[in-house]
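Reviewing the structure listed below.
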Amino acid sequence: MDLVKGLFEGSRLALARSITAVENEYDNAIDIMKAIYPKTGNARILGITGAPGAGKSTLTDKVVKHYLDQGKKIGIVAIDPTSPFSGGAILGDRIRMNDLTLNENVFIRSMGTRGSLGGLSKKTADVVKLMDAFGMDLVIIETVGVGQSEVDIVKNADTTLVVLVPGLGDDIQAIKAGILEIGDVFAINKADRDGCDRLNVEIEMMLDLDSREVKWRPPIKRTIASKDQGVDELIDALDEHFEYLEDSGELQNRRAERTRDEIIAMINEQIGRYVAEKVVVSDEFNSQVAAVNERTNDPYTVVNNVMTSVLK
């Protein structure tokens, strides 16, 4: 089937097959992305991230249902960790959103990280574009359970929601560098647990310590996703942030920066692939490695020679 034509006509099968082609780097993947690119840039992109066990999938399920009530068409990219040993992934996030799978206004795609660090799959941005071109109003990216340095979501989303839960960290967890610095909105989930007030204060302290001059102070909302409590207020905060982005011009700035970062990443990937396929398998490279090992050459000279040959 003509995947691009089918995708533009609203075929969910075409969307699914297009995502598979891109994710597995089939021969037609780049042609698909080139064809759909002019139709992208319309969907709002929401990133949901947080530590393992914070209730991201359950909260995502509730957020999606609230947006469905507003008549939105929603795409969900759920990222699951890939085993470094077997290479497999359970892709189990959709189990928690099982009753959404039959909704014609929702399309859920689970993806394994396939060894990528940062909490996302390498092909996440392309899958988001495919859902955008398909006509989704909102695309939600739910990351794997991440730590303090896995913050790639901020490079892919317009609004980043950081989900926290009381009782998972020490007293200064909220002011450690990393994941908490990327939040546009904070949600303290499982807010009926002990320590909720304390966590709230710690986040406020962290925000007070931020020396940057920012016009948007991230709000902190309390939710109990399993009981659908506090989700309306959270939705309001997410909508307010997107309105702020549009009104201030920050949305255009973020997306321009995202485009720049994406092109640079693609260039780096192409160079790395060329080096892996053409350079490091050559006899000349092996001889240079041997020379370095024997201390008759140095690695800096070898790298310089490789870059010179690649970029000439």
Inter-residue pairs, beta-carbon under 8 Å, first within 13 Å of Asn156 (Cβ to Cβ) and in region 260-272, second open to solvent by less than 50 Å² (accessible area, probe 1.4 Å), 6+ apart: Glu262/Ala125
Name every residue in region 291-312 that is out of contact with any helix residue (DSSP H, G or I) (no Cβ under 8 Å at 6 or more places or on another chain) and of a type in the set (Ser, Thr, Tyr), in order of residue number. Thr296, Tyr300, Thr301, Thr308
Of all residues being among the hydroxyl-bearing types (Ser, Thr, Tyr) and modelled with pLDDT under 90 in region 55-82, which is least open to solvent (accessible area, probe 1.4 Å)? Just the residue, please. Ser57
Are there any pairs with C-beta distances below 7 angstrom linking a residue in region 228-247 that is under 13 Å from Trp216 (Cβ atoms) to a residue that is open to solvent by 20 Å² or more (accessible area, probe 1.4 Å) and not in a helix (DSSP H, G or I), with the two at least 6 apart or on different chains, and if so which? Ala237/Pro219; Ala237/Lys221; His241/Trp216; Phe242/Arg44; Tyr244/Trp216
If I filter region 245-259 down to residues being closer than 13 Å to Arg44 by Cβ and not basic (Lys, Arg), which single residue comes out as surrounded by the most Cβ atoms within 10 Å (Cβ to Cβ)? Leu245
Being open to solvent by less than 70 Å² (accessible area, probe 1.4 Å) and either more than 24 Å from Leu46 (Cβ to Cβ) or of a type in the set (Lys, Arg) (or both): is that true of Val231 here? no
Failed condition for Gly183, given (1) at pLDDT below 80; (2) open to solvent by less than 20 Å² (accessible area, probe 1.4 Å): (1)
Take the residues of region 83-112 that are in contact with a strand residue (DSSP E or B) (Cβ under 7 Å, 6 or more places away or on another chain) and within 19 Å of Ala54 (Cα to Cα): which is modelled with the lowest pLDDT? Ile90
Among residues of region 139-180 being farther than 21 Å from Ala125 by Cβ and open to solvent by less than 40 Å² (accessible area, probe 1.4 Å), the residue modelled with the lowest pLDDT is Ala174
Residue check: is Glu262 in a loop (DSSP other than H, G, I, E, B), modelled with pLDDT under 90 and open to solvent by 40 Å² or more (accessible area, probe 1.4 Å)? no
It is to be established whether one or more residues within region 186-199 are modelled with pLDDT under 90 and surrounded by 23 or more Cβ atoms within 10 Å (Cβ to Cβ). yes
Quick test of your reading of the structure: Pro218 fulfils all but one of (1) part of a loop (DSSP other than H, G, I, E, B); (2) of a type outside the set (Asp, Glu); (3) surrounded by fewer than 14 Cβ atoms within 10 Å (Cβ to Cβ). Name the failing condition by number. (3)
Might you check whether a residue that is among the β-branched types (Val, Ile, Thr), outside any strand (DSSP E or B) and either at pLDDT 90 or above or surrounded by 13 or more Cβ atoms within 10 Å (Cβ to Cβ) (or both) occurs anywhere in region 42-54? no
Might you check whether a residue that is acidic (Asp, Glu) and in a loop (DSSP other than H, G, I, E, B) occurs anywhere in region 278-300? yes
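The values are calculated or read from the model by the stated rules, or taken from the named source; none is laboratory data. All values reported here derive from a predicted model rather than from experimental measurement. We place every Cβ from the backbone using ideal geometry, glycine too, and count neighbours over all the protein chains shown. Calculation scope for accessible area: heavy atoms of the full protein, side chains included, ligands and nucleic acids excluded. Shrake-Rupley method; radii C 1.70, N 1.55, O 1.52, S 1.80 Å.
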